[in-house]
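These notes are about the structure you will find just below.
The values are calculated or read from the model by the stated rules, or taken from the named source; none is laboratory data. Keep in mind that this is a model prediction, so the values were computed, not measured. Cβ: placed from backbone, ideal geometry, glycine included. Neighbour counts: every protein chain shown. Just so you know, the surface numbers come from the protein's heavy atoms only, side chains and all, with ligands and any DNA or RNA stripped out. Shrake-Rupley method; radii C 1.70, N 1.55, O 1.52, S 1.80 Å.
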Amino acid sequence: MMIPLARPDITELEKRYVLEVLDSGQLSFGEKLHQFEQLFCDELQMRHAVAMNSGTSALHVAVKALGLQEGDEVITTPYSFVASSNCLLYEGATPVFVDIDPLTLNIDTKKIEEAITARTKAILAVHVFGQVCQMDEIMRIARNHNLFVIEDACEALGAEWKGKKAGTFGDVSVFAFYANKQVTTGEGGILVTNSDHLYELACSLRNQGRSMQNSWLEHHRIGYNYRMSDLQAAVGLAQMQRLQELLQKREQVADRYMKLIEKHRLPVILPARMSEAKISWFVFVLILPQEADQQQVISFLSSKGIQTKPYFPSIHLQPYYQKWYSEAPRSFPVSEQMSKRTLAIPFHNNLTAEEQEYVIEHVSLALARG
Ligand SMILES: *Cc1c(COP(=O)(O)O)cnc(C)c1O
């Protein structure tokens, strides 16, 4: 048996839309891109959405559009995918890490205010593994200290905090569509905002600094080619039309895992789910017992054809990071602990009950081996 960590859920609809684009003769800035962005706005009830070629690009544009630059500090977490902090480094801004809550693995809201200085300009909140941060509290702190809020909602499409959707709280929010996300375009990302000003800037930055009013070869600022092609948007449009189905399938697979974990009495815990939060399942992560050897578990499972990954290594411990950071890197004990203990196991929409049983049995065996 060979069970991959992730697998996209592609149907005839995605294929049909891609063929329609190929037949249309317009492979960029076409109808599908427009429809995809529009559907995204409708789904989130937001005014603007700007699709790009990756979540990382969209995060970079968010940071740049807010004018964050050298000397500015942005509060974020080290327990995340590197892009959520790299997007600040691209502009010379300083990520100021705040440790995570050991239960939810999201930013520890109680520790935010002590990290705020005269240079702090924004909070970049990462909704890890599809659970939204305590956004009402984060927005309150941001208002009190006059800070921007960026939501890295790349793992949280469809998630909610107190009935309000992820990506609708901050000044600007970003989702991603890499092949393992809830909705995929192969590669892709999208920036959403209610601000007309940020929207215009984002459109310009993704498109070589062009402005909406002027001609193709007039450039108003240094921009990038961060455009999403219509082939990608076609896949995204079909996926967004299937969003409820996609999210329900993931929930079913997650529920089955939770039952199996109970049945096999696995000595693991799962990231805690806040009662105010509605999770959107992105990955299925186990927190291994403190004494377990994460690397040994990974190799044992790999020898049985089960792909797993240590999600997430702490960003401040990445080799290049230690060089980049001018000050001595501080330690973030909860993040470091969790990096040693968390393990993502195979998780996708069409994982069968048999495959899940096989995975859990072997995790159980791996842990029993000590
Ligand atoms: C997926 C992801 C991104 C963006 O990744 P891309 O591969 O550039 O689309 C950013 N932040 C987090 C937390 C992610 O999981």
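Any chance you could count how many residues in segment 203-219 are in a loop (DSSP other than H, G, I, E, B) and open to solvent by 10 Å² or more (accessible area, probe 1.4 Å)?
9
Mind checking which pairs have a first residue in segment 228-239 that is under 14 Å from F40 (Cα atoms) and a second that is among the basic types (K, R) and modelled with pLDDT of 95 or more, Cβ under 8 Å, 6 or more apart or different chains?
Listed by first residue and then by second, the contacts come to A233/K32; A234/K32; L237/K32; A238/R16.
Within segment 134-157, can you find the residues that are more than 12 Å from the ligand (Cβ to nearest atom) and open to solvent by less than 40 Å² (accessible area, probe 1.4 Å)? Before the answer, list the steps.
Of all residues in segment 134-157, those more than 12 Å from the ligand (Cβ to nearest atom) come to 134-149.
Those that are more than 12 Å from the ligand (Cβ to nearest atom) and open to solvent by less than 40 Å² (accessible area, probe 1.4 Å): M135, I138, M139, I141, A142, L147, V149.
Of the numbered conditions (1) loosely packed, with under 13 Cβ neighbours inside 10 Å; (2) free of Cβ contacts under 8 Å to residues at least 24 places away in the same chain, L270 fails exactly one; give the number of that condition.
(1)
For (1) assigned to a helix (DSSP H, G or I); (2) crowded, with 19+ Cβ neighbours inside 10 Å, each residue gets a yes or a no:
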{"position": "L201", "(1), (2)": "yes, yes"}
{"position": "R221", "(1), (2)": "no, no"}
{"position": "Q232", "(1), (2)": "yes, yes"}
{"position": "Q239", "(1), (2)": "yes, yes"}
{"position": "E245", "(1), (2)": "yes, no"}
{"position": "M274", "(1), (2)": "no, no"}
{"position": "L301", "(1), (2)": "yes, yes"}
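In segment 177-199, which residues are open to solvent by 10 Å² or more (accessible area, probe 1.4 Å), closer than 14 Å to A62 by Cα and not in a loop (DSSP other than H, G, I, E, B)?
Across segment 177-199, the qualifying residues are D196, H197, L198, Y199.
Conditions first: (1) open to solvent by less than 40 Å² (accessible area, probe 1.4 Å); (2) in contact with a helix residue (DSSP H, G or I) (Cβ under 6 Å, 6 or more places away or on another chain); (3) over 24 Å from F81 (Cα atoms). S314 passes all but one, so which condition is the exception?
Every listed condition holds for S314 apart from (3).
Please verify whether L13 is aliphatic (A, V, I, L, M), exposed (fewer than 15 other Cβ atoms within 10 Å of the Cβ) and at pLDDT 95 or above, treating the condition exactly as stated. Explain how you work it out, then say what you get.
On the way: aliphatic (A, V, I, L, M): yes; exposed (fewer than 15 other Cβ atoms within 10 Å of the Cβ): no; at pLDDT 95 or above: yes.
Here the answer is no, as L13 does not meet what is asked.
Looking only at segment 178-200, filter to residues that are touching a Leu at 6+ places or on another chain (Cβ under 9 Å) and closer than 18 Å to N225 by Cβ; which one of those is farthest from the ligand (Cβ to nearest atom)?
Filtering segment 178-200 for residues that are touching a Leu at 6+ places or on another chain (Cβ under 9 Å) and closer than 18 Å to N225 by Cβ, the one farthest from the ligand (Cβ to nearest atom) comes out as L191.
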